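> My questions will all concern the structure given below.
Values quoted throughout were computed directly from the atomic coordinates according to the rules given, and no laboratory measurement underlies them. Bear in mind the structure is a predicted one, so any value in this text is a computation, not a measurement. We place every Cβ from the backbone using ideal geometry, glycine too, and count neighbours over all the protein chains shown.
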Amino acid sequence: MDRLRGKVALIIGAARGIGKGIAQRFAEEGALLVLGDVEAEAGQGTADELGATFRRTDISAMTDAEAAVALAIERHGRLDVIVQNAGIYPWQLIENTSPDDWDRVMAVNLRGSFNAARAALGPMKAQRSGRMLFTSSITGPHVSSPGHGHYSATKAGINGFIRSAALEFAGYGITVNGVEPGNILTEAIELRRGPAFMKSMEDAIPLGRLGTPRDVANAFLFLASDDASYVTGTTIVVDGGQLLPEGKDFRLLPP
């Protein structure tokens, strides 16, 4: 239980859901945590639970990204892992999406990923090591649904950014990877979706259940650890097999 013992990890979007799950899992493995989120009260609560440092962070602003990195360096003297998990996904049909709506999703999800990487690059270059990790999604790179045009575009963009950054930063000992969650049962999903939606998603997943934040966090833990020292420029799909079926009749149940 010490795969991240003494490692300094900055997690953006850590107040709730997947981000909180990542923070909890990293804490269990001995990481020194700095957390950022726009939700100050919930973020501070998560930090207090885990003995972490918290800073309110709007990752769409480069100044906030730089300040969060600076805080990690100030508190712990280095930065070993940065996780950019913050993201927004308002449900909007393309015909009802204004340019301002589009730009806001791009600013948080896609520019936020650039901001996180750019802010962390300096200290990681100086120490000749680092892990940059991003929350992507199966939505965008592989599948989509009505109402997620802007979200899908950002997540596909994150995957492209991961590949380019991995090439550019490899010479400094920095790896760049991501995780593509499927349907994960978080507070936001429970709040916004009804039982019928939950059941339809479970029926579409070969493993027969929605994922948990811990399922996703375990993939991030691997990528942050020394076990993934030779892994860069890729993503791990965590979706219970949702991408696999060609159609609806895929279940082969044992007798």
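> Running a GNM on the chain with Cα contacts under 10 Å, which residue among Arg118, Arg214, Arg16 ends up with the highest mean-square fluctuation?
Of Arg118, Arg214, Arg16, the Gaussian network model singles out Arg118 as fluctuating most.
> So, one more: For the chain, what Kirkwood radius comes out of the mean inverse Cα-Cα distance, in Å? Don't skip to the end; give the middle numbers.
Working: mean 1/r = 0.0542 Å⁻¹.
After inverting the pairwise mean of 1/r, the radius is 18.5 Å.
> State the number of lysine pairs found in the chain whose Cα atoms come within less than 29 Å, restricting to pairs 8 or more positions apart or on distinct chains.
10
> In what order do Tyr151, Tyr172, Tyr230 fall by count of nearby beta-carbon atoms within 10 Å, going from fewest to most?
Values: Tyr151 23, Tyr172 14, Tyr230 6.
With the fewest neighbours first, Tyr151, Tyr172, Tyr230 line up as Tyr230, Tyr172, Tyr151.
> Another question about this same structure. Across every pair of different alpha-carbon atoms, what Kirkwood hydrodynamic radius in Å does the range 129-198 reach?
Values: mean 1/r = 0.0732 Å⁻¹.
Roughly 13.7 Å, rounded to one decimal.
> Mind checking the alpha-carbon convex hull of the range 190-255 and giving the volume per residue in Å³?
Working: hull volume 10.0 nm³, N = 66.
Measuring per residue, one finds 151 Å³ for the Cα hull of the range 190-255.
> I've got another one for you. Net charge near Ile88: determine it from the other residues with C-beta under 14 Å of the C-beta of Ile88, scoring Lys and Arg +1 and Asp and Glu -1. Let's see the in-between values first.
Details: positive: Arg16, Arg104, Arg111, Lys155, Arg192; negative: Asp37, Glu39, Asp58, Asp100, Asp101, Asp103.
Computed value for this residue: -1.
> Would you please give the residues with an amide H less than 5 Å from that of Asn183, counting only those at least 5 places away or on a separate chain, with H modeled from the backbone geometry?
Excluding prolines and chain starts, which carry no amide H, the hits are Gly211.
> Compute the helix-to-body angle for 213-224: its Cα long axis versus the longest principal axis of the chain, expressed 0 to 90° and rounded to tens.
So the inclination is approximately 40 degrees.
> Summarise the long-distance tail of P(r) for the range 1-54 by giving the % of C-alpha pairs beyond 17 Å. Can you show the working numbers first?
Working: 310 of 1431 pairs.
Taking all Cα-Cα pairs of the range 1-54, the fraction more than 17 Å apart is 22 percent.
> Let me ask another. Kindly provide the helix-only [θ] at 222 nm of the chain, computed as the sum of -39,500 (n - 2.57) over DSSP H runs of four or more divided by all residues, to the nearest 500 deg cm²/dmol?
On the way: 9 runs with 109 residues, N = 255.
One gets -13500 deg cm²/dmol as the mean residue ellipticity at 222 nm.
> With the Cα gyration tensor of the range 23-166 in hand, give its eigenvalues times 5 under a square root as the equivalent ellipsoid semi-axes, listed largest first in whole angstrom.
Numbers: eigenvalues 154, 59, 38 Å².
Three semi-axes, in Å: 28, 17, 14.
> Here's another thing I want to ask about it. Could you tally the net charge around Arg251, taking each other residue with its Cβ under 12 Å from the Cβ of Arg251, Lys/Arg +1 and Asp/Glu -1? Mind showing how you got there, number by number?
Working: positive: Lys248; negative: Glu202, Asp203, Asp249.
Residues near Arg251 contribute -2 overall.
> Give the angle, between 0 and 90 degrees and rounded to the nearest 10, that separates the Cα long axis of helix 62-76 from the longest principal axis of the Cα atoms of the chain.
Value to nearest ten degrees: 60.
> Sticking with this one: Working from Cα positions, state the angle (0 to 90°, nearest 10) between the long axis of helix 17-28 and the longest principal axis of the chain.
Compared with the principal axis, the helix lies near 50 degrees.
> While we're looking at this one, here's another question. With equal scatterers on the alpha carbons only and no solvent term, can you work out the Debye log10 of I(q)/I(0) for the range 110-232 at 0.12, 0.17, 0.21 1/Å?
-0.52, -0.93, -1.23
> For Asn96 paired with Glu168, estimate the spin-label separation in nm (one decimal), with each label point 7 Å from Cα along the Cα-to-Cβ line.
Between Asn96 and Glu168, the label points sit 3.7 nm apart.
> Compute the signed sum of charges (Lys and Arg +1, Asp and Glu -1) over the other residues within less than 14 Å, Cβ to Cβ, of Thr232. Before the final figure, lay out each step's value.
Working: positive: Arg131, Arg163; negative: Glu168, Asp226, Asp227.
Once positives and negatives cancel, what remains is -1.
> Specify the residue with the greatest mean-square fluctuation among Leu93, Leu167, Leu121, computed from a Gaussian network of the chain linking alpha-carbon atoms under 10 Å apart.
Leu93
> Show the residues, 5+ positions off or on another chain, whose built amide H is closer than 5 Å to the amide H of Val8.
Amide H neighbours of Val8, under 5 Å, 5+ apart: Leu32, Asp80, Val81.
> Taking the chain as a Gaussian network, where each spring joins two C-alpha atoms under 10 Å apart, which residue of Glu66, Glu74, Glu28 fluctuates the most?
Glu74
> Name the residues whose placed amide hydrogens come within less than 5 Å of the amide hydrogen of Val237, ignoring near sequence neighbours (fewer than 5 apart) on the same chain.
Under 5 Å from the amide H of Val237: Glu180.
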